[in-house]
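The values are calculated or read from the model by the stated rules, or taken from the named source; none is laboratory data. Bear in mind that the values here come from a model prediction, so they are computed numbers and not experimental data. All Cβ positions, glycine included, derive from the backbone under ideal geometry; neighbour counts span all protein chains shown. These accessible areas exclude ligands, DNA and RNA; they are computed on the full protein's heavy atoms, side chains included. Shrake-Rupley method; radii C 1.70, N 1.55, O 1.52, S 1.80 Å.
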Amino acid sequence: MKDENIFKLCITMAGAVSAGAYTAGVLDYLIETLDLWEQVKTKNRTLGENHSNYDHTVPMHQVEIDVISGSSAGGISGSLTMLALTDKHFKSYNRNNKAGENNIFYKSWVEMADDADSDTLEKLLSENDLKEYGEVKSLLNTKPIEVIADRSLKIREQREMPKYASKSLDVILTTTNLRGLNFMVDFDDSGTGPPKGTIITNHGGFLRYKLMNDEFKVGIPENKDDLYFVLDISQEKHIQYLKDATLSTAAFPIGLESRELKISSEYIKRYPRYLFKSDKGITALPPEGDIYTFNSVDGGVINNEPYGIALKVVKEKNPIHVEKEKYAVIMIDPFPNKDHDVEQTGTGIMDIVSGLVKSLRNQVMFNQDGILDALDTSDRTKFLIEPIRKVEINGEWVRPKSELASAPVGGFAGFLNKDFRKHDFQLGRKNCQNFLRYHFALPQNQVGNRLGIEVPEVAKDRFEYSLPPKDPHGEKYFPIIPDMRVIKSFDEQLNMTDYGEDAKIQLLPYPKVSFKDFEKRYKKMIKRRIGYLVKYMLKSSFLSSLANFFYVKKAGYKFVSKALRSEFGENGLLKDE
């Protein structure tokens with residue numbers, strides 16, 4: 001079959017809080033590069049191989065985004081990618097579009113909720129949510145996040161899915177179900193009488209979406225073995241489904257408000273085959289009724305790097321591609337775990353409590369769905385895009401402590417300053433450029449079989465590179481997704497005439513802030529937010545007034561400002577004052 005020669009691509013994205021700006025930059029450059037490649041391939045197809053203007057340096061194999069999965073910030077980016085691929089007016093961020101117009105990634109992750117009246121942080125510190133609810137639902141005001149969702153996740157003028165995206169594209173968003181879902185495990189296989197077994201509860205889960213087209217009808221499929229929901233994004237109701245799911249996977253615990261989700265009980269009943277690889281002897285026990293309702297927080301709590309479930313779907317959809325290794329999984333992870341050692345826990349009671357929490361967290365992550373299936377030994381089927389930035393120190397180029405400006409304060413720093421987000425978005429584009437040109441590639445002896453075509457020598461001459469770099473005797477690699485801005489990869493000849501600065505992206509200067517200016521603008525707002533949090537948690541205006549007056553506001557702000565100053569300083573984000 002012709003489809004068997006299509007190279008399938010799975011993109012999976014980790015949680016990152018505000019550092020999702022980095023992930024967004026990666027995705028923006030990836031889509032732009034795929035689009036440029038498709039344009040010249042379309043021209044070649046129109047001309048025909050024998051035409052004098054046919055460009056034989058352009059590889060004609062097909063790469064297709066088939067599965068996208070994400071947790072938290074990665075989940076948001078997954079939803080944005082689905083909409084970007086079908087948006088008739090989508091434009092990449094580049095030298096011709098430095099304001100990011102019609103770019104859902106830039107608008108959502110760089111501009112966020114900024115407007116002429118106030119910036120995103122001012123909105124996050126506003127107390128209007130506390131006054132409206134009369135209780136504390138989160139430390140920060142979540143309404144700005146809803147503003148971002150309303151601006152981004154909306155009905156757009158659609159285009160046909162581009163050739164580099166599958167008509168059966170899956171977008172998977174992880175959730176953490178605070179209610180939990182019960183399953184009956186039957187230990188009596190006699191087949192007579194009522195089930196005899198035990199009930200187990202699962203708090204992890206995922207929402208899986210496809211887009212309506214001539215192959216997929218709206219709603220839950222009739223086949224009981226299929227677990228997904230087909231969206232019609234021309235309908236406001238379906239956009240709201242996607243919006244609710246996206247806000248759900250991004251509901252950072254305590255910091256941002258949890259979300260209530262309502263999904264079909266029929267969807268829940270199909271979970272066992274995905275969670276336990278079989279539905280034999282295992283029955284989902286959703287509450288009675290057609291709709292199952294639960295509170296959800298950040299999908300990254302249980303499954304922050306959802307490549308297991310993504311790879312499971314890839315294998316389910318494309319068994320022949322997987323067998324012949326005509327696929328690849330790209331993990332975009334702004335904060336990959338680099339720990340090589342595990343510290344010994346102390347014996348004091350607080351040490352034990354801290355160690356227990358860490359143990360439970362690590363074990364949950366180790367048991368995440370499908371992780372062991374993902375750990376196979378396939379050659380060059382799994383790739384990582386992580387932040388890489390180098391600085392010159394004493395004549396040597398080294399990686400600093402933190403590549404991302406949004407990294408401090410547990411990844412929340414990007415909410416504090418737009419320049420942080422702009423830097424990280426550009427770093428994402430830069431890292432993706434290098435990744436596509438000099439890492440996401442196949443060794444010479446795998447190219448024909450895995451890409452499904454014989455690449456012309458002139459195309460190899462244009463796009464092949466060697467390891468070690470520029471070594472004529474080094475091992476040769478050919479990119480899976482060729483970058484049309486390249487004239488010759490081997491010695492980095494780039495098409496500056498047609499693409500200018502986009503041919504070799506330069507990083508923005510690493511941003512620095514004045515802490516005095518920061519305090520001048522936000523100190524009163526932070527203290528006021530702290531005061532209102534205490535007021536609504538104590539539920540007593542007299543007690544809260546005393547607490548705020550004598551201690552809480554001052555002590556709370558002192559704690560916050562000390563932490564911010566320290567982390568900004570450690571990460572090189574502070575101006576000398």
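Just how far, in whole angstrom, is the stretch 466-483 from the stretch 48-122 if you go by their alpha carbon centroids?
27
Which of K88/K167; K163/K243; K137/K524 have a Cα-Cα distance over 23 Å?
On the way: K88/K167 16 Å; K163/K243 26 Å; K137/K524 21 Å.
In this structure, K163/K243 lie more than 23 Å apart at Cα.
Run the reach check for K280 against lysines, Cα to Cα strictly under 23 Å, same-chain hits fewer than 8 apart removed. What comes back?
Within the straight-line limit of under 23 Å, K280 reaches these lysines: K196, K224, K269, K312, K315, K317.
For H56, H61, what's the largest-to-smallest order of accessible area, 1.4 Å probe?
Values: H56 75, H61 5 Å².
So the residues, ranked largest to smallest area, are H56, H61.
Considering only I291, S166, N213, whose Cα is most displaced toward the positive end of the charge dipole of the stretch 161-303, charges sitting on Cβ of Lys, Arg (+1) and Asp, Glu (-1)?
S166
Mind grabbing the accessible area of K523 for me, 1.4 Å probe, Å², rounded to tens?
Number for this one is 80 Å².
Find, to one decimal place in angstroms, the Kirkwood hydrodynamic radius of the stretch 121-236, where the mean of 1/r is taken over every pair of different Cα atoms and then inverted.
Values: mean 1/r = 0.0528 Å⁻¹.
So the Kirkwood estimate lands at 18.9 Å.
Here are labelled values, (1) 85, 79, 52; (2) 67, 49, 49; (3) 79, 66, 54, and one is the computed Cα extents along the principal axes in Å for what I pasted. Which one?
Among (1) 85, 79, 52; (2) 67, 49, 49; (3) 79, 66, 54, the one derived from this structure is (1).
Between Q506 and E475, take the C-beta separation as r, use R0 = 30 Å, and let me know the FRET efficiency to the nearest 0.05. Before the final figure, lay out the partial values.
On the way: r = 29 Å, r/R0 = 0.97.
Here the calculated transfer efficiency is 0.55.
How large is the accessible surface of I145 in square angstrom, using a 1.4 angstrom probe and rounding to the nearest 10?
Rounded to the nearest 10, the figure is 30 Å².
Could you look at the chain and say what percent of its accessible area is carbon and sulfur, using a 1.4 Å probe and all protein chains? Each step should come with its number before you reach the end.
Working: 14640 of 27920 Å².
Answer for the chain is 52 percent, counting heavy atoms of protein chains only.
Tell me, what HN-Hα J-couplings in whole Hz come from the Karplus equation 6.51 cos²θ - 1.76 cosθ + 1.60 at θ = phi - 60° for each residue of the stretch 45-59, using x for Gly and Pro?
4, 5, 6, x, 4, 8, 6, 5, 8, 5, 9, 6, 7, 8, x
If the only charges are +1 at each Lys and Arg Cβ and -1 at each Asp and Glu Cβ, what is the size of the charge dipole of the chain around the Cα centre, to the nearest 20 debye?
Working: 80 positive and 82 negative charges, 357 e Å.
Value, rounded to 20: 1720 debye.
Quick one: accessible area per residue over the chain, 1.4 Å probe, rounded to a whole number of Å²?
On the way: 27920 Å² over 577 residues.
Per residue, the chain has an accessible area of 48 Å².
Where does each of W109, W397 land when they are ordered by accessible area, with a 1.4 Å probe and the largest first?
Numbers: W109 15, W397 160 Å².
These residues rank, largest area first, as W397, W109.
In whole angstrom, how far apart do the alpha carbon centroids of the stretch 278-319 and the stretch 123-155 sit?
About 28 Å separates the Cα centre of the stretch 278-319 from the one of the stretch 123-155.
If the cut-off is 12 Å between C-alpha atoms, which aspartates and glutamates fall inside it for K504, apart from same-chain ones fewer than 8 positions away?
D483, E492
Tally Lys/Arg at +1 and Asp/Glu at -1 over every other residue whose Cβ is under 14 Å from the Cβ of A73; what's the total? Show your work: numbers first, answer last.
Working: positive: R421; negative: D298, E305, D333, D424.
Residues near A73 contribute -3 overall.
R0 = 25 Å: FRET efficiency of I200 with R273, Cβ-based, nearest 0.05?
On the way: r = 16 Å, r/R0 = 0.62.
The formula returns an efficiency of 0.95 here.
If you take every residue apart from G572 with its C-beta less than 15 Å away from the C-beta of G572, what net charge results, scoring Lys and Arg +1 and Asp and Glu -1? List each step's numbers first, then the result.
Details: positive: R389, K390, R399, K401, K512, R565, K575; negative: E392, E403, D419, D424, E567, E570, D576, E577.
That works out to -1.
Relative to the present Cα-Cα distance, how much length would full extension add between E215 and D290 at 0.36 nm per residue of separation?
24.4 nm
Relative contact order for the stretch 391-466: what percent, with Cα pairs under 8 Å and sequence separation of 6 or more? Each step should come with its number before you reach the end.
Values: 32 pairs, mean separation 10.8, N = 76.
It rounds to 14 percent for the stretch 391-466.
Report the net charge of residues surrounding K137, where surrounding means a beta-carbon distance below 15 angstrom and charges are Lys +1, Arg +1, Asp -1, Glu -1.
Values: positive: K131, K143, R259, R529, K535, K539; negative: E127, D129, E132, E135, E146, E257, E260, D298.
Net charge around K137: -2.
List every residue whose amide H lies under 5 Å from the amide H of K382, counting only residues 5 or more places away in sequence or on a different chain, with H placed 1.01 Å from N in the peptide plane.
V329
Enumerate the calculated ³J(HN,Hα) couplings along the stretch 13-21 in order (Karplus 6.51 cos²θ - 1.76 cosθ + 1.60, θ = phi - 60°), each rounded to whole Hz, writing x wherever the residue is Gly or Pro.
These are the phi-based 3J(HN,Hα) values: 10, 7, x, 7, 6, 6, 6, x, 4 Hz.
Please identify every one of the GluC sites (Glu not before Pro) in the stretch 399-499 that sits in a loop by DSSP and has no more than 16 other beta carbons within 10 Å of its own beta carbon. Kindly include the intermediate steps, with their values, before the conclusion.
Working: sites: E403, E454, E457, E464, E475, E492; in loops: E403, E454, E464, E492.
Loop-located and lightly packed - E454, E492.
Quick one: compute the contact order of the stretch 205-338, relative version, from alpha carbon pairs under 8 angstrom and 6+ residues apart, as a percent. Spell out each step's value before the answer.
Working: 140 pairs, mean separation 24.7, N = 134.
That works out to 18 percent.
Residue by residue, what Karplus-based ³J(HN,Hα) values in Hz, rounded to whole numbers, does the stretch 505-515 have, using 6.51, -1.76 and 1.60 with θ = phi - 60° and x for Gly and Pro?
Going residue by residue, I get 5, 9, 6, 6, x, 5, x, 9, 10, 8, 5 Hz, with x marking Gly and Pro.
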